[in-house]
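Reviewing the structure listed below.
The values are calculated or read from the model by the stated rules, or taken from the named source; none is laboratory data. Note that the structure is a prediction, hence the values are computed from the model and not measured. When we count neighbours, we look across all protein chains shown, and the Cβ atoms used for this are built from the backbone with ideal geometry, even at glycine. Accessible surface areas use protein heavy atoms only, side chains included; no ligands, DNA or RNA. Shrake-Rupley method; radii C 1.70, N 1.55, O 1.52, S 1.80 Å.
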Amino acid sequence: MAEETSGSEINGAGLSSMESLESRWVFQNDDESEIDDEEEDMEDEDDSVHRTGLDSEDDDSGEQRLIRTGPRIDSFDVEALEVPGAHRNEYEDYNLRRKIMLAFQTLGVVFGDVGTSPLYTFDVMFSKAHINGNEDILGALSLVLYTLILIPLVKYVFVVLWANDDGEGGTFALYSLICRHAKVSLIPNQLPSDARISSFRLKVPSAELERSLRIKERLENSLTLKKLLLTLVLAGTAMVIADGVITAAMSVTSAVGGLKVEVTAIKHDEVVMISVAFLIILFSVQKFGTSKVGMAVGPALLIWFCSLAGIGIYNLVKYDSSVLRAFNPIHIYYFFKRNSTEAWYALGGCLLCATGSEAMFADLCYFSVRSVQLTFTFLVLPCLLLGYLGQAAYLMDNHAGAEQVFFSSIPSAVFWPVFLIANIAALIASRAMTTATFSCIKQSTALGCFPRLKIIHTSRKFMGQIYIPVLNWFLLVVCLVFVCCISTITEMGNAYGIAELGVMMMTTILVTIVMLLIWQINIIIVLSFVIFFLGVELTFFSSVLWSVGDGSWIILVFAIIMFFIMYVWNYGSKLKYETEVKQKLSMDLMRELGSNLGTIRAPGIGLLYNELVKGIPAIFGHFLTTLPAIHSMVIFVCIKYVPVPVVPQSERFLFRRVCPKGYHIFRCIARYGYKDVRKENHQTFEQLLIESLEKFIRREAQERSLESDGDDDTDSENESSSSRVLIAPNGSVYSLGVPLLAEYKEKGKPISEPSSSEEVKTELPSGSDSGISDAEQSLERELSFIRKAKESGVVYLLGHGDIRARKDSWFIKKLIINYFYAFLRKNCRRGIANLSVPHSHLMQVGMTYMV
């Protein structure tokens, strides 16, 4: 059978099993495909199992035509006779009123970070490059204006937001998008059937296809490039988590520091104490969810942006409107000419005006692309530009007011109302990267790069809105330590710049790969994007790194710790999976044991959870030798996350027979996207699984009858794969058996799953009554067996497979596996916890693998 292939085949160097449909059209290796099919056929003959659909998984591998394909129908899919509709983004069908409401909510969730940057940008810049004349103010302002235009607007709003993964943004969404088009994941659990999921949405080849395929082949065949790509992703995610810490500290401390402008008795220690109190309140309300908090603080952010614009216009009129000359970039040249080294130092402060750019992308899962683009372009950016112009106009007449310039430029009559709104905005801004952090951690957990944590879904309407309690309180503790240890806004600004630039550079590299591999656009455009933006970001990064000794090293250490945790978890998970693949049980052993498996078969269904997508897990042998009896029906259940945001419910389960029919052993792969909510209780999960199994058995019986009827006509059996495809009205191509294709043409509508054995009978070709009767009786006997086993009860067989390093392993490996990974695995959340299974239905056996 297909799942009994060797571990080396699972790694899949052959291009015949590539997940990307483009590779099957162009670079299919017919020889390899035939060998794989022959091996599967031999195993099927040994196991006395006929599965027409199983072995036709790559029947169209010989086709070299460039055609558009949708999800192909597969007999392993429990809804195999239904052509699934394309998955649609949950925001696509909203009317104008709903889109405006979403745009309003983005103010409170996405733009708080970038919206509060006027509180501290000029403070940090002019603490490094002191004002020696009005030309310095114009030069600094010009730097800020063009940084705002180039990074948040041009790079993120116009380019990066379009690299979303079906509405999901962030570092791991980009990695998932790349994994879907090239097999670059280090954990070799990919299956060709994953590409049948309708939400894969693979693109039509373009004129740049040849270059794209060469890049894909290079990525898939190079272990070094795979590890480098994963390292970049983990580093970017670690910087996002660090950004979540420093954003809260910087925003709140700078806002509270405005008290020193009007109340001279306030000292730095009092500012720190008030900031600590505000931060505790902030992280305490995080559990109320994004929608509730977004609607509550949306009006406050709207007032804040209007205040920025109003104060800016007031200062322009009152002080000096000539600062509008800063839109001429020549003033940037004059600024560097006059200040040289100090101007270069000031770049780190200038970048702070673009902080929050990554939040627009990472928080995309909460809102639609259009709502984020609309809000930033027509509200946020104009208000920010007016705010910075007003501060510069004030500084033209008050060179000594560079410290706390925002609060100093506020008219005295409205100081306290604006101060209150500024502090509320700062608290909101602190949430921006916190929500982004939650999204990234959820994605990284699903893709096997972070230990499992308890995730609470805070919205019934939007499943992307989440809250992670452990991470929330952990970020609070680190944030409080950071606020108490760092003494000045300048030092915080350096740390902020390091975290923000780290994320930005990783995003630039990943989006460049997306451009080459997926978008397949002109190479000149790709090179222009990466050279320009990576060059700008490296220039900024060189400035902040020069000041790393000022206290910003703390955030670097924190990011390194988070990177280490993710790398250890991914490394340990990879070793564990590879070891399980190598030690899986052979079919020869199963045949020797016989249908009773060498023990007593007790009535009931045993769901054995394991991580293998192919083969019989070694932990099953441990159950056979440990327990006095085994259930009459055994289903190997693999909870698998595939690199898509959502897997439709109709495409959730894949079934296969693992042994001959009399063994009553099946494999079920339950597929989830990284955005899916696993909130079913165990009764619902069991019901869905059994119903899907019954559908699979009916489908299998139907295919057997169709195949046996076609044995008399060998010519039709040997037709090319082009006679086994269904071309839908939208141009999508689906692989089907010949009789099913005929049925589709006769009905002129999507084929539905037969719901009873009588319906199966009407679909079968005419033949001997005795043959049909035998097939029906065999089907009914098996369905009756399943129902009786279900009535006897369902037990969850959990095998806790731990790993230990061999005695002859290197010391570093022993340290990582035996201590660090073991600690993380012991303290992470068990996967079965999502189903809330009663202890009376659980049976656990431990097993240790030496790696």
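Look through the range 646-682, keep the residues that are assigned to a loop (DSSP other than H, G, I, E, B) and at pLDDT 80 or above, and return whichever of them is farthest from the chain's Cα centre (by Cα).
Per the stated criteria, the residue is P660.
Considering (1) β-branched (V, I, T); (2) in contact (Cβ under 8 Å) with a residue 24 or more places away in the chain; (3) outside any strand (DSSP E or B), say which one T625 fails and leave the rest.
Evaluating T625 over (1) β-branched (V, I, T); (2) in contact (Cβ under 8 Å) with a residue 24 or more places away in the chain; (3) outside any strand (DSSP E or B) leaves (2) as the failure.
Which of the numbered conditions does H331 fail, given that it passes all the others? Conditions: (1) open to solvent by 70 Å² or more (accessible area, probe 1.4 Å); (2) over 41 Å from the mean Cα position of the chain (by Cα); (3) not hydroxyl-bearing (S, T, Y).
(1)
Please state which of the following conditions F653 fails to meet, knowing it meets all the rest: (1) among the hydrophobic types (A, V, I, L, M, F, W, C); (2) open to solvent by less than 10 Å² (accessible area, probe 1.4 Å); (3) closer than 18 Å to M847 by Cβ.
Every listed condition holds for F653 apart from (3).
Just one of R218, R211, R196 is modelled with pLDDT of 85 or more, open to solvent by 10 Å² or more (accessible area, probe 1.4 Å) and in contact with a helix residue (DSSP H, G or I) (Cβ under 8 Å, 6 or more places away or on another chain); which is it?
R218
In the range 334-346, how many residues are of a type in the set (F, W, Y) and over 41 Å from the mean Cα position of the chain (by Cα)?
Of the residues in that region, 3 qualify.
Counting residues that are open to solvent by less than 10 Å² (accessible area, probe 1.4 Å), under 20 Å from A238 (Cβ atoms) and out of contact with any His (no Cβ under 6 Å at 6 or more places or on another chain), which helices (runs of 4 or more DSSP H) fully inside the range 337-383 reach at least 2?
357-362
Going through the range 629-645 one residue at a time, which ones are over 15 Å from the mean Cα position of the chain (by Cα) and either part of a loop (DSSP other than H, G, I, E, B) or not hydroxyl-bearing (S, T, Y) (or both)?
Scanning the range 629-645 gives A629, I630, H631, M633, V634, I635, F636, V637, C638, I639.
Kindly indicate which of F474, F482, F532 is surrounded by fewer than 17 Cβ atoms within 10 Å (Cβ to Cβ), more than 30 Å from E611 (Cα to Cα) and among the aromatic types (F, W, Y).
F532
When you look at V794, is it under 33 Å from the mean Cα position of the chain (by Cα) and under 24 Å from R698 (Cα atoms), yes or no?
Yes; evaluated as a whole, the condition is true for this residue.
Select from the range 396-427 the residues that are open to solvent by less than 40 Å² (accessible area, probe 1.4 Å) and either part of a loop (DSSP other than H, G, I, E, B) or over 17 Å from G310 (Cα atoms) (or both) and list them in ascending order.
Within the range 396-427, M396, G401, A402, Q404, S409, I410, P411, N423, A426 qualify.
Please go through the range 582-608 and give me each residue that is within 29 Å of the chain's Cα centre (by Cα) and either buried (at least 22 other Cβ atoms within 10 Å of the Cβ) or on the phi > 0 side of the Ramachandran plot (or both), ordered by number.
L607, L608
Scan S487, S528 and give me the residue that is hydroxyl-bearing (S, T, Y) and either in contact with a Phe, Trp or Tyr (Cβ under 9 Å, 6 or more places away or on another chain) or at pLDDT 85 or above (or both).
S528
Return the residue satisfying two criteria in turn: it lies in the range 121-146 and is surrounded by fewer than 20 Cβ atoms within 10 Å (Cβ to Cβ) and hydroxyl-bearing (S, T, Y), and of such residues it is nearest to Y674 (Cα to Cα).
Y146
Given the criterion closer than 18 Å to D166 by Cα and at pLDDT below 90, identify the matching residue among I523, I513, I498, I518.
Only one candidate qualifies: I518.
Could you tell me whether V252 is crowded, with 19+ Cβ neighbours inside 10 Å, under 17 Å from C353 (Cα atoms) and touching a Ser or Thr at 6+ places or on another chain (Cβ under 8 Å)?
So V252 passes the test.
Return the pairs, sorted by first residue and then second, in which the second residue is open to solvent by 10 Å² or more (accessible area, probe 1.4 Å) and among the acidic types (D, E), the first residue lies in the range 553-578 and is touching a residue at least 12 places away in the same chain (Cβ under 8 Å), the beta carbons are less than 7 Å apart, and the residues are 6+ apart or on different chains.
Pairs that qualify, where the first residue is touching a residue at least 12 places away in the same chain (Cβ under 8 Å) and the partner is open to solvent by 10 Å² or more (accessible area, probe 1.4 Å) and among the acidic types (D, E), are Y577/E611.
Give the range 486-514 a look and list any residue that's touching a residue at least 24 places away in the same chain (Cβ under 8 Å), open to solvent by 10 Å² or more (accessible area, probe 1.4 Å) and farther than 30 Å from H268 by Cα, or say none.
Across the range 486-514, the qualifying residues are M505, M506, I509, I513.
If you check Y796, Y821, which single one turns out to be in a helix (DSSP H, G or I), of a type outside the set (A, V, I, L, M), in contact (Cβ under 8 Å) with a residue 40 or more places away in the chain and crowded, with 18+ Cβ neighbours inside 10 Å?
Y821
Which count do you get for residues in the range 428-457 that are modelled with pLDDT of 85 or more, buried (at least 24 other Cβ atoms within 10 Å of the Cβ) and among the aliphatic types (A, V, I, L, M)?
1
Quickly run through the range 555-571 and pick out the residues that are more than 9 Å from A238 (Cβ to Cβ) and over 20 Å from the mean Cα position of the chain (by Cα).
Once the filter is applied, which keeps residues that are more than 9 Å from A238 (Cβ to Cβ) and over 20 Å from the mean Cα position of the chain (by Cα), the range 555-571 yields I555, L556, V557.
What number of residues within the range 107-126 satisfy the criterion of being hydroxyl-bearing (S, T, Y) and in a loop (DSSP other than H, G, I, E, B)?
2
Any residue in the range 648-674 that is closer than 19 Å to R781 by Cα sitting within a Cβ distance under 6 Å of a residue that is open to solvent by 30 Å² or more (accessible area, probe 1.4 Å) and not hydrophobic (A, V, I, L, M, F, W, C)? List the pairs, counting only those 6 or more apart or interchain.
P660/S48; G662/S595; Y663/S595
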